[in-house]
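Here is the structure we will look at, set down as structure tokens.
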Amino acid sequence: MPKHPTIAIVGRPNVGKSTLFNRLTRSRKAVVDAQEGVTRDRIYGQMEWRGIPVTVVDTGGYIPEDTDIFNAAVRRHARMAVDEADLILFMVDGRTEPTAGDLALAQFIHETGKPVVLAVNKCDYLKLDNQVYLYYELGMDPVLPISSLSGRATGDLLDVILEKLDLSQLPEDEGPEDTSLKITIVGMPNVGKSSLMNALLQKEQSIVTPIAGTTRDSIDTSLRWYGKDIILIDTAGLRKRSKVTDNIEYFSTVRTHKAIQRSDVVLVLVDAEKGFGKQDKSIIDLVIKEGKGLVLVVNKWDLVEKDTSTMSRFDRDIVDEFPALKGYPHLYISAKSGQRISRVLSTAWNVGELRRKTVSTRDLNIWLQTTVAQYPPPAGNGKQIKIKFVSQVHRAPPIFAFFMNYPKLVASGYRRFLENRLRDSFRFEGVPLKLTFRKK
Ligand code: GDP
Ligand code: GDP
């Protein structure tokens, strides 16, 4: 399977970039909010086309409204999106002729040498398609008329994009011969990511090898831990080294997303004193959606005034506030004092192992019989739902296929129930489970 390709939508203001972005990512809501004060638009989201997951970056909010200021700033903003992208979707407004801004952007895009598709937007009906001829002078191929607003020809556009991406050329996921566990530490600025990273590397007295010369978006450090190979993916150190000031958070969210996609297990750090922020929750949702192992690490535990029940109260509060975290390990550590640091890698390793586990079809169906007998699925639309069979169809992440008479009628609450039951019964603590319901 190819890695998720990323496409960046680049163009002048008001050509319709965010309209297209919203259309493409509509089914799966954008996951990360942009840095406050820059724009409230969501800047990147997920979509799927012909079964291939694609990340879409909208540069919309980053290009100044004033088109006259077509200067270094614009280039810099576009540059950042473009650096992240495997393909540029250059968008122009088909209701106007090319402007100086279009020409300057086109020039810039040519210089990047990246694959590009030119979309002439606002061609809402057939007659307007002739507008594409106005844009041949930009020297791009192919040039396609689309309408972001109505969705007209956007499917054709996506087909062309996938073809142009030539997915066979993209890096492949690591094969099965790579047995090392990839762990990413994520969290808000100042939560203690770098401190934890350093503590882990010191504590474990490990052989540390920075992996040099990679073009990755984050820094990998490999270490040996009790004879096992672990790769720590650092998103914090890199951010600190970055010279870019105004778009640090934007950049780091895209990086964080990519780092998560490359990991087996993600450690989500939260500050014991500050608790969860909105960003923490979207990161947790993202980790679960990507099917990665998750360990919640509450750091700066040394700053919390404690009695004997503090920890269990925290445990309860966490699940109250964020029910999705039920079934995931919580650790309370101090990166500063080293308290419980040794638990971090052992817990992560354990979750990584569980994520690769396979449950036999026999055990699953015995489980199904008893579970369904105890709690039958509620009727949907007055129809009685009968689940006949379940089997695991994928591992790392685990996917379970349930075969039944009315797959579309299963209530979302019952889906959650099955997932939690599966996790409890087969000890998948820390592992997001995917359930698919199929007709039989
Ligand atoms: P952005 O600044 O490039 O992100 O542009 P927006 O997506 O905000 O769109 C700018 C304006 O163009 C909005 O009023 C949209 O409704 C309009 N627009 C976007 N796409 C189309 C389209 O395909 N056809 C028409 N007629 N208008 C569009
Ligand atoms: P990052 O931005 O997430 O990489 O956070 P840092 O590792 O740079 O830590 C931010 C600040 O929090 C620094 O001043 C650290 O010394 C402090 N810090 C990190 N972990 C702890 C901890 O467990 N306890 C306390 N009291 N301070 C911590």
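Evaluate segment 88-95: report whether one residue or more is outside any loop (DSSP other than H, G, I, E, B), open to solvent by 10 Å² or more (accessible area, probe 1.4 Å), assigned by TED's automatic domain parsing to the domain that holds L157 and modelled with pLDDT of 80 or more. Looking for residues that are outside any loop (DSSP other than H, G, I, E, B), open to solvent by 10 Å² or more (accessible area, probe 1.4 Å), assigned by TED's automatic domain parsing to the domain that holds L157 and modelled with pLDDT of 80 or more, one finds at least one in segment 88-95, hence yes. Applying the condition of being of a type in the set (D, E) and assigned to a helix (DSSP H, G or I) to segment 398-440 and asking which residue is farthest from K383 (Cα to Cα) yields D424. For segment 406-426, taking the residues that are without any contact (Cβ under 8 Å) to a residue 24 or more places away in the chain and in contact with a Leu (Cβ under 7 Å, 6 or more places away or on another chain), the one that is least open to solvent (accessible area, probe 1.4 Å) is identified as E419.
Counting only helices (runs of 4 or more DSSP H) that fall entirely inside segment 287-377 and contain at least 1 residues that are under 30 Å from Y406 (Cα atoms), the qualifying elements are 341-355, 361-374.
Residue under question is A119, and the condition is that it be part of a helix (DSSP H, G or I) and open to solvent by less than 20 Å² (accessible area, probe 1.4 Å); does it hold? For A119, the condition - part of a helix (DSSP H, G or I) and open to solvent by less than 20 Å² (accessible area, probe 1.4 Å) - is not met.
The set of residues in segment 357-393 being buried (at least 16 other Cβ atoms within 10 Å of the Cβ) and either at pLDDT 95 or above or not polar (S, T, N, Q) (or both) consists of V359, L364, W367, L368, T371, V372, P377, I385, I387, V390. Checked against the criteria, G327 does not count as in the same structural domain as V410 (by TED's automatic domain parsing) and of a type in the set (G, A, S). For segment 122-145, taking the residues that are under 35 Å from the mean Cα position of the chain (by Cα) and of a type in the set (D, E, K, R), the one that is surrounded by the most Cβ atoms within 10 Å (Cβ to Cβ) is identified as K122.
Within segment 333-350, residues that are farther than 15 Å from L201 by Cα reach partners that are of a type in the set (V, I, T) and part of a helix (DSSP H, G or I) with beta carbons closer than 8 Å, at six or more positions or on different chains, in the pairs I333/I341; I333/V344. Please determine whether any residue of segment 163-180 is at pLDDT 90 or above and surrounded by 13 or more Cβ atoms within 10 Å (Cβ to Cβ). No.
The values are calculated or read from the model by the stated rules, or taken from the named source; none is laboratory data. These numbers come from a predicted model, not from an experiment. Reconstructed Cβ throughout: ideal geometry from the backbone, glycine too, with neighbour counts over all protein chains shown. Surface accessibility is based on the protein's heavy atoms, side chains included, excluding ligands, DNA and RNA. Shrake-Rupley method; radii C 1.70, N 1.55, O 1.52, S 1.80 Å.
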